[in-house]
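Please read the structure below before turning to the comments.
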Amino acid sequence: MFDLDGHGDAIAAIDAESDRWFTYAELAAHAKDFAANVATPEKRLAFLYADNSLDMLVAYHGLLESGHAVCLLDRALSPARRSALEEIYRPSIVVEGGHTTILDGPSVEVHPDLAVLLSTSGSTGSAKLVRLSKNAVRANAEAIVETLQITNDDRTITSLPPSYSFGLSVLNSYALAGASLVFTKHGLVTGAFWSALSTHQCTSLSGVPFAYEALIKLRIDLRVPQSLRVMTQAGGRLALPTAEKFHGIMTKRGGRFYVMYGQTEATARMSCLPSEDFTRKKGSCGKAIPGGAFTVENGEVVYHGPNVMMGYASAAEDLARGDELGGTLRTGDLGVLDEEGFLTITGRIKRIVKINGTRFSLDEIEAIAKVPVVAHEDRVFLFCETENTAPILAQVKEALGVTGDAIQARTVAAIPTTPNGKPDYTTLSEWAAR
Amino acid sequence: MASAVEKLEVVFRKALELPPSFDVKGLEYQQQTWDSVAHLRLVTAIETEFDVMYETDDILGMSSFEKAVETLKRLGVEM
């Protein structure tokens, strides 16, 4: 998919903890061996329980090389969630931590174009997957390399999970560019992470809004390692003062700060605000990436491009389906385009909320909470007719794997309803905003 | 009158949303609910409770409850 061999002796990946590393030629060879081990006459579905490790990288490229479809899932997924997904999709190949298991059982028909599958919503009960074609994965990687001007001199550190579309797109774009990846299991609030970044002279960092807010709290903004020249932000809206701060830091050293907008349904990224346009287009998430285009229909942002998914999957039979969208994605986000084609997102249509870069469906949360749920500014509100909201709040937070004030409960005397007896979400949203 | 260590245990349980009886003394980062997001919340809660200000290295180095105790000692709190 990415012609790894073509990058020869360029360093592909370094593991910060073990200091193990390999070149692109070596990665290509490992991937070929991996592919040979899982070769079957028919195309199959593989589940890759992924974490940020060299083993994962080899398995990922090996599975791409093998021609099988690979579904990347978080290695931290609970046994219960794993069983549920494996029961629904019946993967023939399961890979984790350098171990590959071939499973018996009736194989599922997999469409010839299907390359990658990703989950859309963190750890909620949803088994819905996004189906991405080879063309989409390759096209998005190309567009990202071009738009961010990634070269083979670049080096980044794994600050995002590889099972998350944003994280995977970093791996893909870097593979295409022949740039190098530093793998670490440590989060960016640890000394080990920053040590690895400095030791290996990383030039680039990608992060969701929380990451940049964390850097401020860590006062890293006062001492960003000198090698760092490029920062990219996606995965939600970053507060303008924080974005301005990092844009300032990067430009002061002749570097770049990019704001991007995307969705798993578009492989990863749809737009980019170039660093040089940041100041005059504050609040915008930029223009469509090369090969893509935006329109706005009834206030909804619609994206057109080769990186649009084939469609969703919610059952094994869906893996045989082809392209259902023809390159047009209704994003579910509201926005406006200015006369230069710069997009500004103004809200959401769908009942979806992004907490710390992870997307949750409000309807799914409601199914767990069994009370009406609305979102306001990326905070979720459970409306209860009881004062005793602690148990339900705890239950919901545990089910979603979320802590903190992103999910809150409100007590009301009575839930307002519409004439047909359903919860009046409009009124509840207004109450949530107070 | 709760000791400083006991106060710190309460702060940990609250910030990490752990049950009141949870033994946090041996807890380390990336265990239970202690992820990156919770980490910063924890730091803010400790700073507020003990009226101290963490340096960057304090935040980056606080990888366990024990380390938190050491950090507070270093910041002048009687532990």
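Key figures
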| item | result |
| --- | --- |
| Whole-Hz couplings from phi, Karplus 6.51/-1.76/1.60, listed for segment A:69-84; x for Gly and Pro | 8, 10, 9, 8, 10, 5, 5, 7, 4, 5, x, 5, 5, 4, 4, 4 |
| Sites A:Glu42 and B:Ala4, calculated FRET efficiency, Cβ-Cβ separation with R0 60 Å, nearest 0.05 | 0.40 |
| Rounded to the nearest 20 debye, dipole of segment A:195-335 from Cβ charges on Lys, Arg, Asp, Glu | 1040 |
| Accessible surface of segment B:2-68 [probe 1.4 Å, protein heavy atoms]: carbon and sulfur percent | 50 |
| Extension gain from A:Lys245 to A:Thr418, taking 0.36 nm per residue of separation minus the Cα-Cα distance | 57.8 nm |
| Over 31 Å between alpha carbons, listed pairs A:Lys245/B:Lys25; A:Lys32/A:Lys287; A:Lys245/B:Lys7; A:Lys134/A:Lys287; A:Lys128/A:Lys370; A:Lys397/B:Lys67 | A:Lys245/B:Lys25; A:Lys32/A:Lys287; A:Lys245/B:Lys7 |
| Apportionment of accessible area to carbon and sulfur, chain A, percent (1.4 Å) | 50 |
| Helix-only [θ]222 nm of chain A, DSSP H runs n ≥ 4, -39500 (n - 2.57) each, per residue, nearest 500 | -9000 deg cm²/dmol |
| Cα shape, segment A:302-404, gyration tensor, a/c 1.5 rule | oblate |
| Accessible area (Å², 1.4 Å probe, nearest 10) - A:Arg256 | 60 |
| Cα-based shape type of the protein assembly as shown, given that a ≥ b ≥ c are square roots of the gyration tensor eigenvalues and the cut on a/c is 1.5 | rounded |
| Protein heavy-atom accessible area occluded, B/A pair - total, 1.4 Å probe, Å² | 1600 |
| Among A:Lys185, A:Lys217, A:Lys32: highest mean-square fluctuation, GNM of chain A, C-alpha pairs under 10 Å | A:Lys217 |
| Heavy-atom accessible area, 1.4 Å probe, ligands and nucleic acids excluded: residues of segment B:46-67 down by at least 30 Å² from chain alone | B:Thr56, B:Ile59, B:Leu60 |
| Computed label-point distance, nm, for sites A:Trp431 and A:Asn298 using a 7 Å Cα→Cβ extension | 2.8 |
| Among A:Ser18, A:Ser66, A:Ser275, residue whose mean-square fluctuation peaks in a GNM of chain A (springs only between Cα atoms under 10 Å) | A:Ser18 |
| Accessible area, probe 1.4 Å, largest first, for residues A:Phe34, A:Phe246 | A:Phe34, A:Phe246 |
| Accessible surface, segment A:272-362, averaged per residue in Å² (probe 1.4 Å) | 42 |
| Residues of segment A:399-413 buried by at least 40 Å² on assembly (accessible area, 1.4 Å probe, chain alone as reference) | A:Thr403 |
| Lys/Arg +1, Asp/Glu -1 at C-beta; chain A dipole; positive extreme among A:Leu45, A:Leu382, A:Pro106 | A:Leu382 |
| Heavy-atom accessible area ranking, 1.4 Å probe, most first, across A:Asp221, A:Asp113 | A:Asp113, A:Asp221 |
| Whether chain B is rounded, prolate or oblate, judged on the alpha carbon gyration tensor where a/c under 1.5 counts as rounded | oblate |
| Within chain A, longest stretch free of exposed GluC sites (Glu not before Pro) [DSSP loop, at most 16 other beta carbons within 10 Å] | A:110-323 |
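The values are calculated or read from the model by the stated rules, or taken from the named source; none is laboratory data. For clarity, every value in this text was computed on a predicted model and none was experimentally measured. Cβ atoms come from the backbone with ideal geometry, glycine included; neighbour counts cover every protein chain shown. What goes into the accessible areas is simple: the full protein's heavy atoms, side chains included, and nothing from ligands, DNA or RNA. Shrake-Rupley method; radii C 1.70, N 1.55, O 1.52, S 1.80 Å.
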